[in-house]
Structure formats: C-alpha cells, structure tokens
Amino acid sequence: MTKPIHLALDARKMTDFGIGTYVHHLMEGLAQEEELSLTALIRPGQEERARALAPEARLIPVPAEEYSARELYKIPAALWGEHPDLIHFPHYVVPWGLRRPFVATVHDVIQLFYPPRSQHYRALFYLRVMMSSTLRRARRIITVSRSSRRDLIRIFGANRKKIRVIPNGVDPHLEERPQAEFLDRLKTKFNLRPPLILVVGNNKAHKNLPTALRSFHLAIRKWGIPGQLVFVGGIDENSRLSAQARGLGLGERCRFLGRVSGEELHGLYHLSALLLHIALYEGFGLPILEAMLAGLPVITSNLGAMIELGEGIARLVNPMDIGEISELISKVLVDDPLRRRMIESGRKFARTLSWERCIAETVKSYRDVLSGPIDGPTGD
C-alpha cells in the first residue's frame, strides 16, 4: 500500500466570513481522503470545531493573529518537527523559512482595489510583498475563477504554468427546502414580510450595498414593488446603511439582520424571491451559487467572476446603474416564465459545482506537485 501523503493545512480561518466556508469544506473533505494524513494548524479555541470536521487529524494551535508579524515565525516553528510532505495555505500570506514545498490558494486580489480603510498604504505594501513572494515560491497556486487567474498574471506577472483554477463548491443540502414551521419561525424572529429581496455580503466597499439600497428605493417609487430588502452578513440595525434606509423613508421595508447562522441563511434563501448581488469585484461570488441551488433567481454584476457564474443564467447588470437594476428587480419579481427559466438553469448549473469535485481536483494538484516539476500549463 502506498504511504499516505502527510499534508499540513493552515485551517485558522475556518470560522471567518467568506474564506471560512472554503476552509471548512476543504478540511472536512481532505479528512476523508484515505491517501492523506492530515495535520491542521488552528487558532487556540477552535479545537472542538476542528475535531468535528476532521476527527483523525493532528491539531496544532498557533497563538498568532493573521496578518501579524508573529505568524511569520510562529507557523514555521509549529511545523518544525512535523516534516509534512506538503503544506497548503488557503490564502496568500505564507511565511518564509518553511523548508517544505507548499501550495497556496489565492482567492482574489480584492485588497489591492479596496484596501482596509485604516492603514491604507501599509496594507497595500504588505499585500504586494506577501503576494509576490507567495506566487514566486509556491509549487502550485490554486485560484477559484478565471477572473482571479487573469488578475494574478496581469498584475503580479505570476507564472501561468503554476496556476490551476478550481472553483468552489456548494453545499447540496441548500437545495432541500426547510420545514414550514422553521421558515415561519424565521419570519417571526426577523419580522419578514415576503416577497424578499436578499443581499448576502459583509460591510465592505466592494459589496456595493448602498447601490442595492438605492435601487430598491427606486424600484418602489417607480415600479411599486412589494416586499422587503433583507441584508445578511455584517450589516445590522445600528449600521450607517440602516440609517440611510430610514432617511429614505423605507422603515420596515428594509431588514438588517447582521450575521446569521448557516441554518438561518439556508432558510432565508428559501424564503426569498430574489438574490441581489451587485458587487464591484468578486474572486468567486459563493452566495450566487448558493442562491441558485436553493432555487432563487439572481441579479448580479456584469463583471469578472460574476459573469463566469451568471452568464446565461442570472441577469447581469451594470452594478452602478440604479435605473437598470431597479427595472430588473421589478421584472424578475413579476415575470413568472422568466423566473422559472432562471431557477431551472441556475439549479442545473449549481449542481455541477460540488465540494467533492473541488476536493478531488485539489488532491490531484497535491499529487502533481509531489510527482515532479511543472512541465506545462495547468490553468484554464
């Protein structure tokens, strides 16, 4: 029997918003691969969550915050006596001095275009230094869309032979409609009055949430649409956007739910009539795929990775054109034949992108790395 590959996975972001979904499914899937022996780096306090995902994995808590100087020496120190065959970092920050080959997943370069509001220049400098270093040193770069792959080549001059596009997957349970009693409790808990237009995204500039709000407001004034606009993921009733909604006189027509559980998000997908995802930039756009599988029509941006997921299925819009967005919201809500076509084609497409497929292609990348030098293109 062939000796299993000893893989070390940096799983510290498993509870983060966005990338945490990728790390969660990556760790869970890799733990089930017989040809792998898994060691996982985690944050202190994540032991129970990590054990539930990977019962047989060796867990190593690393007391160092991400994007800090401490992680640059704490991670090599944690791996010093482990001697893994390969290390997988699901992000672009990879310490120096590892002494073992590694694979990195680079989801996007979003911070280059939308850096943190604080420490703007420091964040840009750190991104460029770490990204350039990781792209140069990695044995393989995995990215989640052709759009992100183009950015890495165009902006950083990355070696295209190193880059493999492996799309994210989607949880198949999202297709199952929750019980009516649970959905009724959700409506009561969050004071929801369908039809619901759902917006899933954190409170960052590239998510373009103010434009979603203004488009909804115009759709009410011009087209008289019913229902509520529901924000999920970091925007709550105390946010500036909530104050803007009140200033527009929307009152209970907008709901700001903040962070919700996975079970609640599942329910919200099935309670909603439409997903509005008009971001200005995405490396992938997982809520689009999740909504499609749950049976939601999607309006999304005619940019980058969102085109890859939505072309021919969703309705693509200029994310800054409030008039176009508001008109499409009205059309998708009332045009039943259009809705049925969007739902059918969306589910058909979403079923083709599974986490099982993502894991299988990732493991193949591990084997390719360990079998010898790169000898040809590996990207799409």
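Tabulated results
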read-out: HN-Hα J in Hz across the stretch 217-223 - Karplus 6.51, -1.76, 1.60, θ = phi - 60°, x for Gly and Pro; value: 4, 5, 5, 5, 5, 8, 10
read-out: DSSP-assigned coil residues among GluC sites (Glu not before Pro) in the stretch 295-380, each with at most 12 further Cβ atoms within 10 Å; value: Glu311
read-out: Total charge dipole magnitude, the stretch 172-350, about the Cα centre, Cβ charges on Lys, Arg, Asp, Glu only, Debye to nearest 20; value: 480
read-out: FRET efficiency estimate (nearest 0.05) - Cβ-Cβ, Met320 to Arg193, R0 25 angstrom; value: 0.30
read-out: Within straight-line cross-link reach of Lys3, aspartates and glutamates at Cα separation under 17 Å, skipping those fewer than 8 residues along the same chain; value: Glu33, Glu34, Glu35, Glu56, Glu82, Asp85, Asp368
read-out: Chain lengthening between Tyr67 and Arg240 when straightened (0.36 nm per residue, less Cα-Cα); value: 59.6 nm
read-out: Potential lengthening between Phe182 and Arg357 on full extension [0.36 nm per residue; Cα-Cα distance subtracted]; value: 59.9 nm
read-out: Choice from Glu47, Glu34, Glu56 showing the highest fluctuation, given a GNM over the chain with Cα pairs closer than 10 Å; value: Glu34
read-out: Sequence-distant aspartates and glutamates (8 or more away, or on other chains) whose Cα lies within less than 16 Å of Lys189; value: Glu181, Asp236, Glu237, Glu252, Glu263, Glu264
read-out: Nonlocal amide H pairs with Ile142, under 5 Å, H built at 1.01 Å; value: Ala104, Thr105, Val106, Arg164
read-out: Relative exposure of Tyr92, Tyr67, Tyr269, judged by other C-beta atoms within 10 Å (fewest first); value: Tyr67, Tyr92, Tyr269
read-out: Expected 222 nm ellipticity per residue - DSSP helices of 4 or more, -39500 (n - 2.57), all of the chain, to 500; value: -13500 deg cm²/dmol
read-out: Cα→Cβ-extended label distance, 7 Å offset, between Ala77 and Arg341, nm; value: 6.1
read-out: Net lengthening on full extension, Tyr114/Lys348 (0.36 nm per residue, minus Cα-Cα); value: 80.9 nm
read-out: Links that overshoot a 28 Å alpha carbon limit, given the list Lys161/Lys207; Lys162/Lys348; Lys207/Lys331; Lys162/Lys207; Lys13/Lys204; Lys162/Lys204; value: Lys161/Lys207; Lys162/Lys348; Lys162/Lys207; Lys162/Lys204
read-out: Dimensions (Å) - the stretch 172-350, Cα atoms, principal axes, largest first; value: 40, 38, 30
read-out: Cβ-derived FRET efficiency at R0 22 Å, Arg214 paired with Lys331, nearest 0.05; value: 0.80
read-out: Max mean-square fluctuation residue, GNM over the chain, Cα-Cα springs under 10 Å, options Phe216, Phe89, Phe113; value: Phe113
read-out: Neighbour-count order for Leu229, Leu257, fewest beta carbons within 10 angstrom listed first; value: Leu257, Leu229
read-out: Candidates Pro55, Pro337, Pro195: whichever shows maximal mean-square fluctuation once the chain is modelled as a Gaussian network with Cα springs under 10 Å; value: Pro337
read-out: Tyr126-Lys364 pseudo-label distance in nm [points 7 Å out on the Cα-to-Cβ vector]; value: 3.6
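Readers should treat all values here as calculations from the given coordinates under stated rules, not as data from a laboratory. Given the structure is predicted, the values throughout are model-derived calculations rather than measurements. No Cβ is skipped: glycine too gets one built from the backbone with ideal geometry, and neighbour counts run over all protein chains shown.
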